[in-house]
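The values are calculated or read from the model by the stated rules, or taken from the named source; none is laboratory data. What you see is a predicted model; the values in this text were computed from it and never measured. FYI the Cβ positions are ideal-geometry reconstructions off the backbone, even for glycines, and counts take in every protein chain you see.
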Amino acid sequence: MVRPSTIHVLRRSTQVLVLASMLLVPALARYQNYLAAREVDRMIERWEGTLPGATLRGIDEVIRRLPGTERERAGRLQRDRTGALAYAQQLRGGPWSIEIGSISMTDPLAGAESIAASKRVRRVLLVGLLLPVVATVVLGRVFCAWICPMGFIFECTDKLRRVLRWLEIRPRNVRASRTLKYGLLAAGLLVAFVLSTAVLGHVYPPAMLGRELHALVFAIFDRAEIGRRGLWIGGLGWATAALALIVLVEVSVSRRWWCRYVCPGGALYSLLGAARPVRVTLRADACTQCARCVRACPMGLNPMLDQMGMECDSCGECLASCQDDALGYELRNPLAALGRPVIPREQA
């Protein structure tokens, strides 16, 4: 059995890697541009001691350690531009739609909205949806807890709420109906179908964060090209303010309100994984009804009564909090889940 501490480390490492990739992808794009124009070495030298210069140098050093990226000329090793470009092009996109080598993955919400807006199902889209959809059908709403960059940020808001309570400032915890996000998902897809244009992607936090980080990285390089240094946030748009507002509400008004009540992506993942065979289950004979798992669950579910349903994102927080070893991941008959309440009552 995998220990809860190991699960926590794996999940946190995955979240950090996803956030890092969202900064790396636009930096790689600029490296490709300079490399294609034979300007990388000049830019690295020109920007020595700056963030853009260190970024380009770091990317270049990593890529040049890979096979086929250097060749011997005039008795010394020099960069093979074609080989380096081939490696630099292996990572493109973000959580909304990403390409890793020859593997293409598209967020199911992006795929569903694209199909609704275009009223067509394209083969290339199905290829991109295959892996995420299969993973969700088998594992459930794991994207939310393991991959979604906003999931990591919202977990930080939970910690801020604990700090506020320690300071004797009691944040509110306004609750709403969990069915709200399913209504918003249906409404968004209907609007996309009627207007033939995507709308949910403009208000979906992972996509918004990806666009803003891309703009931030590009703004840093753009400023460096005109001789200006330092971090500059002027390139960020309205989405940054919207994300900040969501975080503020999470901290002060309602714990994990976006994931629990509003997120259309989370709603779609929940529907796809409603009958998942891999799930968190309770061994009732080992449970002492201490309710630690109930307090730990960020989604406000009740692991103590085995009431997780399709809202569970398999984050493992309940496992880590259980001192009785009464919770664990198990492989279950998917049909057994159909007799349980799929949208549990709010607990915390």
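All told, Asp80 meets the bar of being farther than 30 Å from Cys144 by Cβ and in contact with a strand residue (DSSP E or B) (Cβ under 6 Å, 6 or more places away or on another chain). Of the listed requirements (1) surrounded by 13 or more Cβ atoms within 10 Å (Cβ to Cβ); (2) touching a strand residue (DSSP E or B) at 6+ places or on another chain (Cβ under 8 Å); (3) farther than 28 Å from Glu311 by Cα, Gly128 misses just one: (3).
Within region 66-81, can one find any residue that is part of a helix (DSSP H, G or I) and more than 30 Å from Ala207 (Cα to Cα)? Looking through region 66-81, at least one residue is part of a helix (DSSP H, G or I) and more than 30 Å from Ala207 (Cα to Cα).
In region 64-90, the residue that is nearest to the chain's Cα centre (by Cα) out of those that are under 19 Å from Ser102 (Cα atoms) and either exposed (fewer than 15 other Cβ atoms within 10 Å of the Cβ) or not assigned by TED's automatic domain parsing to the domain that holds Arg30 (or both) is Gln90. For the condition surrounded by 19 or more Cβ atoms within 10 Å (Cβ to Cβ), in the same structural domain as Leu167 (by TED's automatic domain parsing) and farther than 30 Å from Trp166 by Cβ, Leu200 qualifies. With respect to being under 22 Å from Pro149 (Cβ atoms) and touching a Leu at 6+ places or on another chain (Cβ under 6 Å), Pro95 falls outside the description.
Only one of the numbered conditions (1) surrounded by 23 or more Cβ atoms within 10 Å (Cβ to Cβ); (2) at pLDDT below 90; (3) not polar (S, T, N, Q) is violated by Ala275, and that is (1).
Residues of region 39-53 that are modelled with pLDDT of 90 or more, more than 24 Å from Arg211 (Cβ to Cβ) and not β-branched (Val, Ile, Thr): Glu39, Asp41, Arg42, Met43, Glu45, Arg46, Trp47, Glu48, Gly53.
Of the residues that sit in region 164-197 and are among the aliphatic types (A, V, I, L, M) and either at pLDDT below 90 or part of a loop (DSSP other than H, G, I, E, B) (or both), which one is surrounded by the fewest Cβ atoms within 10 Å (Cβ to Cβ)? Checked region 164-197; the qualifying residue surrounded by the fewest Cβ atoms within 10 Å (Cβ to Cβ) is Leu167. Modelled with pLDDT under 90, within 30 Å of Tyr269 (Cβ to Cβ), hydroxyl-bearing (Ser, Thr, Tyr) and surrounded by 12 or more Cβ atoms within 10 Å (Cβ to Cβ): is that true of Ser97 in this structure? Here the answer is yes, as Ser97 does meet what is asked.
Arg178 satisfies every condition listed in (1) touching a helix residue (DSSP H, G or I) at 6+ places or on another chain (Cβ under 8 Å); (2) among the charged types (D, E, K, R); (3) over 20 Å from Tyr261 (Cα atoms) except (3). Among the residues making up region 312-325, a single one is modelled with pLDDT of 90 or more and out of contact with any helix residue (DSSP H, G or I) (no Cβ under 6 Å at 6 or more places or on another chain): Cys312.
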